[in-house]
Amino acid sequence: MVDGGRADSGLAGAGEWWTPRGDGRNLGRTDLTGRFRAAPVERWHLDTGGDVRFARTVRVRGGAALLVQAGSTLAATGWDGTPIWRADTLGVTRVLHAGRFGRPEGWHALVTTDERTVVLLDLDTAEPVWQWSTEARANLAGPGASKVFGTPGALNWVCFPTYSTRGRCVQFTDPAHPRVVWDVDYGDSYDAGFGPTVAVADMTGTGRSEIVLSSRCGTGYASTDTEALVLGREDGRLYQAVLDADTGAVRLATSYRPDPGDYPCARPYGLLQPVPLDDGGRRGIVLVSCQVEEYVSVTGHSPAGLDRAWGHFVEKDWPEDHRELRPQITSIADVRTAGRPDLVVGLWQDGRWQTLVLDLPAGPQAEPDRDSLAERAVAALPGRYFWGCHDLNGDAIAELVVSRESARRPGSRTVLELIDGTTLETLATLPDATLVTSSDSVLPEHVNFNADRRSPVEVRDASGTAGLLVRRDDGIHVWTGSTLRWLAGPQYARADWYEAELILSTADGQVSRCGPDLLPTGRPVPAPGRFCQPLVWTRGHDPEVVTDLAGGEVTGATPRRGEPGRLGNTWRVPGHLPALHRDDGGTHRLVVSAVDNDSPAVIVHREPGGGAEPTTIRLPAPAALALIPYGLAFRLLANLHTGVHTAALATFADDGTQLCADPLHGGHPSRPGVVPLGGDAWLIAADDHGRLRLYDETGKIRAENDWTAAYTTPIAVPAPDGGTAALLRADGIHGLELIDLDGRTVWRVNTELWRYFPGRSALARAPEPGRWLLGAVARDGEFVALDVATGAPRWRLDTGPTVPERAVVAGDVDGDGRDEFLVGTRDGRLLCLRDGEVLWWKQFPAAVNNPVLADVDGDGLLELLLATADGKLRILVPDLT
């Protein structure tokens, strides 16, 4: 075999699958053959739990029920545990709103089902009653790009898709017949691809809702270099407008550079909130951008219109990220009781956190000197991470909630403080605790947050007393500043608070409804749903299946030959991102990402389940996207998430010694790979924002290939001698590319934006000896097989609705000497494809992803493993009847 792994190759052996793409080459292919000449049958399955992303009490068929999103599954369940319905093939990515839409008796949910599509579901039947998709190149993925808001007698949804300049408003007076109120193309008013972010407020004092839009505009790019393009336009300007909610017409608009200094910051990635800045009934606009470009901007609103009030640039967080500006959804409050709002933010600078109070109308003092935002604050709390402004003592004045932090990443156990905003006096402290936070809690109409966030969860008990949920070693508590009350055990990982009801969920998908006293009531309701990632290796004489579980665990088990449905020799360890390896001495290692005493780490388990003490490798930053073990002698490539927008690479030896590193560049946002050169020589390949770098094992950059914002995954094309012939840049935003090992482009195929991203393409042997095909699924479901030598398509086939990260695998699954492709679909089908035809397919009750081809019973032939959206790992065998 010329491209499969061997025991002496440092790669996965035939019949094994060590990483999500087989091994570090990212081929997605096996050399082992199978006998799958028709649709397979299921022999084993394993429940892996649920990743809860949304939980709320709704009315379904006249009664109260739990509406829960677990993974991409949406389900309605009675609080007594009685199933009502499950939508395992809908592919929900986010619940935008759930409740009454128009008719009082009708309950519906507005959800997104992929990057482009929004669906209105009848909660009694789980049937879609309305659906809409953006244009092909646009996305609905950003949390700030749309807003649900009310007008007299109606519920409305307004959206401004990313990578589009169109805006649309839909009204749901009658859910069966939603009405498009307006659909407007704003042309060159702002740039497609940077936001937009929207909020809803009465901006002009007329008593009517208006749309606030924030995006970016400007002219000119510095060059075609990735770094220059990612940094932004030469004259990047913030664009903000007030739109008529009934027509979409622009009523007011402005564009300006928030900070007139050297850097033209303008992206709207963070907190957007209209704010009353004077007594005239008009509102200004506050934007605190905390990703990519970090800055504060305040737009004033006078009788003459909108215009810049003040702004301050903090940092561009790529390619280096030394500062961090951190707003919260409650950043704007009158904490100094001055009768006007203040802006409170956190700032990491010069190796420490500060909580800053800024005079919102007046802005930073002495603005011409722009060295530090901290010097312009009217009050500062050094050494404190800012969590929000919350009135916990009931005096109608919001206090500052902070924690004492010595490192950039807040600790899992710290000291919480409640601070008086006027005197900066500490009103209360809570040691050995951390706040329970949410990344997707419901926001008011006038607030939006288009960035990653960790928002404290504020709750109220039956008496109306406010408190924040906190975590201590013994579980979840509610803290009011003056009191601390235990609510639930440490197994709970998520909190949903909506309309005076608290719902708690465990990390593995058990959901509990809490009563007015905030204590869980009744038995938890299971909410299975997630895609797991199966792996396979052979230890001793027995293959072993390894997979991740909900709740941050990894398990291994041996399917028992001749005993369908039985799994034996089971073990479990905590961790994420599992990957497998066997060195040339026959030692097996499982690597997982973990957190050890607040420090990111990789845990290396030698012969897991055997009782050996694991090795802990400390990391400078958390592992992200991939851990890749490789080599005859064990080495580990760790891709690291060093900041909001930055990545790094590091390689380690078996004893944890760091071998080399690039602290400034890594794989972002796609996984890196390793490139075998023969023997035990390797290159490392990683695409950082479109610039792909090839490193030798000393960390020296051997070659580079720049394709702006390509965001590709490297795939090592096998050479006949067991090395690597070339490198594919696959699954990119702009298309596909083949380069040689000196970084020179052989061919490049430009496609419609986002067509193949995110995806997991695979290589298959072409009918001609020595040739390869790349199999990829586009976001519209079209499967294409391209000739790797030329980039030309060999054949295409529509496969139907897709799942995120559309994973393709390849191999000779039917044993006829030719490779086939396997791919799963959102509507629950597993397809076997070759030469533009479906050779066979099998239907499942849930969406299908992450197929794996491996030998799991030791017979020397392929079995199929796959994940379904209902949380199951399924193992399939040929139907030989």
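Can you work out ³J(HN,Hα) from phi for every residue in the range 110-121, in order, using Karplus 6.51 cos²θ - 1.76 cosθ + 1.60 and θ = phi - 60°, giving whole Hz and x for Gly and Pro?
9, 9, 9, 10, 6, 6, 10, 10, 10, 9, 9, 10
Given Cα pairs under 8 Å that are at least 6 residues apart, what percent is the relative contact order of the range 680-791?
Contact order relative to length: 15 percent.
For the pair residue 616 and residue 805, how long in nm is the line joining their label points, each one 7 Å along Cα→Cβ?
So the two model labels end up 2.7 nm from each other.
Using the Karplus curve 6.51 cos²θ - 1.76 cosθ + 1.60 with θ = phi - 60°, what ³J(HN,Hα) values do you get for each residue of the range 810-815, in whole Hz, with x for Gly and Pro?
9, x, 7, 7, 9, x
For residue 338 and residue 302, what is the calculated FRET efficiency with R₀ set at 22 Å and r taken between the beta-carbons, to the nearest 0.05?
Working: r = 21 Å, r/R0 = 0.96.
It comes out at approximately 0.55.
What FRET efficiency comes out for the pair residue 180/residue 439, r = Cβ-Cβ distance, R0 = 35 Å, nearest 0.05? Before the final figure, lay out each step's value.
On the way: r = 31 Å, r/R0 = 0.87.
Calculated value: 0.70.
Below 8 Å, C-alpha to C-alpha, sequence gap of six or more: please give me the relative contact order for the chain in percent. Working shown, then result.
Values: 2609 pairs, mean separation 114.1, N = 881.
Computed value for the chain: 13 percent relative contact order.
Can you list residues whose amide H is under 5 Å from residue 89's amide H, if they're 5+ apart or on another chain and H is modeled 1.01 Å from N?
The list, which skips near neighbours in sequence, is 847.
How large is the helix-only mean residue ellipticity at 222 nm for the chain, computed as the sum of -39500 (n - 2.57) over DSSP H runs with n ≥ 4, divided by its residue count, in deg cm²/dmol to the nearest 500?
It comes out at 0 deg cm²/dmol, rounded to the nearest 500.
Can you give the extra length, in nm with one decimal, that the chain gains between residue 395 and residue 657 once fully stretched, where that is 0.36 nm per residue apart less the Cα-Cα distance?
Working: separation 262, 0.36 × 262 = 94.32 nm, distance 5.53 nm.
Net length gain for the segment: 88.8 nm.
Mind listing the long-range amide H neighbours of residue 703? Cut-off is under 5 Å, sequence gap 5 or more, other chains count too, H placed in the peptide plane at 1.01 Å from N.
Amide H neighbours of residue 703, under 5 Å, 5+ apart: 694.
Students often forget the sequence filter, so: which lysines lie under 22 Å Cα-Cα from residue 842 once same-chain residues fewer than 8 apart are removed?
List returned: 872.
Arranged from highest to lowest average of other beta-carbon atoms within 10 Å per residue, in what order do the peptides 683-693, 709-719 appear?
Values: 683-693: 25.3, 709-719: 23.7.
The peptides rank, most packed first, as 683-693, 709-719.
For the range 453-597, what does the relative contact order come out to in percent, with C-alpha contacts under 8 Å and a separation of six or more?
On the way: 269 pairs, mean separation 15.8, N = 145.
Once normalised by length, the contact order is 11 percent.
For a protection proxy built on the mean count of beta-carbon atoms within 10 angstrom, sort 326-337, 171-182 highest first, please. Walk me through the numbers on the way to the answer.
Numbers: 326-337: 21.7, 171-182: 16.4.
Descending mean neighbour count gives 326-337, 171-182.
Could you order peptides 460-470, 46-56, 643-653 by the average number of other Cβ atoms within 10 Å of their residues, highest first? Let's see the in-between values first.
Numbers: 460-470: 16.7, 46-56: 23.7, 643-653: 21.8.
Ranked by mean Cβ neighbours within 10 Å, highest first: 46-56, 643-653, 460-470.
For a test of the definition: using alpha carbon positions, the gyration tensor, and the 1.5 limit on a/c, classify the range 426-469 as rounded, prolate or oblate.
Numbers: a/c = 2.34, a/b = 1.38, b/c = 1.70.
Verdict is oblate for the range 426-469.
Every number in this text was worked out from the coordinates using simple rules, so none of it is lab data. Quick caveat: nothing in here was measured; it's all calculated off a predicted structure. Glycine gets a Cβ as well: all are built from the backbone with ideal geometry, and neighbour counts include every protein chain shown.
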